[in-house]
1. For segment 78-95, check the following and say yes or no: at least one residue is in contact (Cβ under 8 Å) with a residue 40 or more places away in the chain, surrounded by fewer than 15 Cβ atoms within 10 Å (Cβ to Cβ) and small (Gly, Ala, Ser).
2. Has segment 143-157 got at least one residue that is within 19 Å of GLN71 (Cβ to Cβ), among the aliphatic types (A, V, I, L, M) and in a helix (DSSP H, G or I)?
3. Checking TYR119 against (1) within 29 Å of LYS265 (Cβ to Cβ); (2) open to solvent by less than 10 Å² (accessible area, probe 1.4 Å), which single condition isn't satisfied?
4. Would you tally the residues in segment 110-136 being in a loop (DSSP other than H, G, I, E, B) and either at positive phi or touching a Cys at 6+ places or on another chain (Cβ under 7 Å) (or both)?
5. From PHE98, PHE155, PHE114, grab the single residue that is hydrophobic (A, V, I, L, M, F, W, C) and open to solvent by 10 Å² or more (accessible area, probe 1.4 Å).
6. Scan segment 246-259 and tell me whether some residue there is open to solvent by 30 Å² or more (accessible area, probe 1.4 Å) and within 24 Å of GLN104 (Cα to Cα).
7. Could you please find all residues in segment 216-239 being open to solvent by 60 Å² or more (accessible area, probe 1.4 Å), under 16 Å from ARG180 (Cα atoms) and either of a type in the set (S, T, N, Q) or free of Cβ contacts under 8 Å to residues at least 12 places away in the same chain (or both)?
8. Checking VAL118 against (1) modelled with pLDDT of 90 or more; (2) under 19 Å from GLN151 (Cα atoms); (3) not polar (S, T, N, Q), which test does it fail?
Amino acid sequence: MPNPVGLIFPRNNFVDICIYQFGHQHCDPLHGFGPALRNNFLFHYILSGKGELDSKDESGQNHIYKLEAGQGFMIWPKQENTYCADKNDPWEYCWIEFGGLKSQEFVTQAGLTFNHPVYNAKDENEARKMKAAMLYMFDNMNAPILELMGQCYLFLSSLIVSSASRNESKVGSLQNFYTREIINYIGQNFHSDITVEDISAFLNLDRSHVNKIFKSNMGTTLRDFLLKYRINKACDLMRTTHQTIGEISLLVGYANTFNFSRAFKAVMGESPRQWRLHSK
């Protein structure tokens, strides 16, 4: 079997979207990978040939998908998967592993969920753009990081637009109105000690209803979004100012620096001081 060719990204300072690795592989017959769990999103696009994906859904049930050229599959963080090339017509694919604060939002917009991981194209022109962005990254591994990040955003845009399972936006719907109001409220008040209960009271809606609306539209819970929004703002401040960790903690809504550090590490995987040191 030819060795997979790819690039593992060095540490970078991007927060909304982070690339971890990308590459390309032409598999031998019956070459498989897994079962394994990933820490980030991992998308495979099949260039030629066939293969099989065995994926667990949220209830732990296995589902087997027979896939071929022009299709793809998204592996979610902490989702157990096994995939294997066809015996007679083994697949060739390119892949990209990514994460970041907005990664789940974009994947959800494409309609690629934990329970429905298979990508099918409804817009062939956009699918070609997606493929071109992925192959451009592979063919230009030594390009500047900003250039590769630009291609990553092009990949995500075309993934969403081309996906047959795309979640179409219902402009003017009441759910979208409430979601915009929630995001605006967070943007104006994240520096205060606001909670999900405060947001529900602002909208004059039951908390469980607010959470249901938000998760349906954004693919994440309101509590997690608020947490990541604050941490994202903290990262911006640590990169662009000389304010202390304690001062930044107050500016993003944490009166207690210990609680801020614990929340920051839960999202970013390291303490604020460690992250700031690496981001320089």
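1. Looking through segment 78-95, none of the residues is in contact (Cβ under 8 Å) with a residue 40 or more places away in the chain, surrounded by fewer than 15 Cβ atoms within 10 Å (Cβ to Cβ) and small (Gly, Ala, Ser).
2. Checked against the condition, which is being within 19 Å of GLN71 (Cβ to Cβ), among the aliphatic types (A, V, I, L, M) and in a helix (DSSP H, G or I), segment 143-157 yields at least one hit.
3. Going through the list (1) within 29 Å of LYS265 (Cβ to Cβ); (2) open to solvent by less than 10 Å² (accessible area, probe 1.4 Å), TYR119 breaks only (1).
4. Count: 1.
5. Going through PHE98, PHE155, PHE114 in turn, just one is hydrophobic (A, V, I, L, M, F, W, C) and open to solvent by 10 Å² or more (accessible area, probe 1.4 Å): PHE114.
6. No - not one qualifying residue is present in segment 246-259.
7. SER216
8. (2)
The values are calculated or read from the model by the stated rules, or taken from the named source; none is laboratory data. Keep in mind the model is a prediction, meaning the values are calculated, not measured. Neighbour counts are summed over all protein chains in view; Cβ atoms, including those assigned to glycine, are modelled from backbone coordinates with ideal geometry. Each accessible area value is taken on the protein alone, full model and side chains, heavy atoms only, with ligands, DNA and RNA left out. Shrake-Rupley method; radii C 1.70, N 1.55, O 1.52, S 1.80 Å.
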